[in-house]
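The values are calculated or read from the model by the stated rules, or taken from the named source; none is laboratory data. Everything numeric here is computed off the predicted structure, so don't read it as measured data. No Cβ is skipped: glycine too gets one built from the backbone with ideal geometry, and neighbour counts run over all protein chains shown. Keep in mind that these areas ignore ligands, DNA and RNA; they rest on the heavy atoms of the full protein, side chains included. Shrake-Rupley method; radii C 1.70, N 1.55, O 1.52, S 1.80 Å.
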Amino acid sequence: MAKQLLGKEVTDALNAKLIERANALKEKGVVPTLGIVRVGENPSDLSYEKGATKRAELIGINVQKFVLPEDASKEDLLKLIDEINANDAIHGVLMFRPLPKHLKADQNEICNRLDPKKDVDCMTDLSNAGVFEGRSDLGFAPCTPAACMEILDYYGIDCKGKNAVVIGRSNIVGKPAALLLLAKNATVTICHSRTKNLKEVCAAADILVAAVGREGFVTGDMVKPGAVVIDVGINRGADGKLHGDVNFAEAAEKAAYITPVPGGVGTVTTSVLVSHVVEAAAKSV
Ligand code: NAD
């Protein structure tokens, strides 16, 4: 039976360091502050916002919320981002994406309006270039794949020379997860909806990262004995509960390590977000 990689253990360790860093900044007169930009009332955005706010309070950093109506125009949003850019009291910005449908065509322009120094969740091209080049000086990686790496790091799982397979190629999870694993010297394969022999490719993975968005997609026969399984998926099941992309019972029979859902990657993601805000605040001094 696999050992569970518990988000709480990782966040407890991270939080302790963050509280110390935030306090040191406060002594210098800087209160790390996260600005949250939300357009509309998407339930999953609201749920993430609640978690991030709670985590920020625990660490002792401020949160300022900027909420625009669902039908806000591109100009409204750009004006808000300009105001936030000019506000020295806000160090990091989380803007929920995808934006409502009528803003989708302009999402790239809107994301890139943010000052890259405040881009704590990798929505500007410069931050993405940083992930691509493996240069943390250019920007922060997206919080979810960074959380996967935090988990591996906390549990002392060395990626060097391992076969890592990432299922999913989204810009926000799959692709950056692959690049972060590559930066840790894993040999990386990215699988997606057009991949052939998916089961065989996954079954050869020493580290398997599932970011598909389909409940129970990864079955036991896709897991190599002794593998590390990181489940990024968050799916609301027919039972009303949250489920991962991995069939936990089957995968846990074969893997050496596995993250549960809930209680795995999602738990660490908000702590990573707060850590990026603290880091951005430290750089601003
Ligand atoms: P997405 O829909 O943008 O991407 C899904 C990816 O899965 C695509 O690249 C697609 O090619 C691939 N895919 C779909 N069907 C496939 C198939 N049959 N075979 C192989 N690949 C297939 O989703 P996303 O934004 O990358 O999110 C992925 C999952 O992670 C979702 O469940 C989402 O809720 C979750 N998520 C979790 C966190 C967190 O903090 N834990 C954060 C963001 C997203």
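Once segment 25-49 is narrowed to residues that are open to solvent by less than 10 Å² (accessible area, probe 1.4 Å) and among the small types (G, A, S), the residue that is nearest to G233 (Cα to Cα) is G40. Counting the residues of segment 93-136 that are assigned to a helix (DSSP H, G or I), open to solvent by less than 40 Å² (accessible area, probe 1.4 Å), of a type in the set (A, V, I, L, M) and closer than 22 Å to A147 by Cβ gives 2. For the residues A52, A16, A22, A56, the requirement of being free of Cβ contacts under 8 Å to residues at least 24 places away in the same chain, of a type in the set (A, V, I, L, M, F, W, C) and either out of contact with any Asp or Glu (no Cβ under 9 Å at 6 or more places or on another chain) or open to solvent by less than 10 Å² (accessible area, probe 1.4 Å) (or both) singles out A16. For segment 76-92, a residue qualifies if it is farther than 17 Å from K283 by Cβ and either small (G, A, S) or in a loop (DSSP other than H, G, I, E, B) (or both), and exactly one does: A86. Among the residues of segment 145-154, the ones that are more than 12 Å from T259 (Cβ to Cβ) and either within 13 Å of the ligand (Cβ to nearest atom) or touching a residue at least 12 places away in the same chain (Cβ under 8 Å) (or both) come to 3 in all. For segment 155-178, a tally of residues being within 16 Å of the ligand (Cβ to nearest atom), under 21 Å from E133 (Cβ atoms) and surrounded by 20 or more Cβ atoms within 10 Å (Cβ to Cβ) returns 8.
The listed residues are I258, I234, I207, I230, and the only one of them that is open to solvent by 50 Å² or more (accessible area, probe 1.4 Å), β-branched (V, I, T) and either within 16 Å of G174 (Cα to Cα) or more than 14 Å from the ligand (Cβ to nearest atom) (or both) turns out to be I234.
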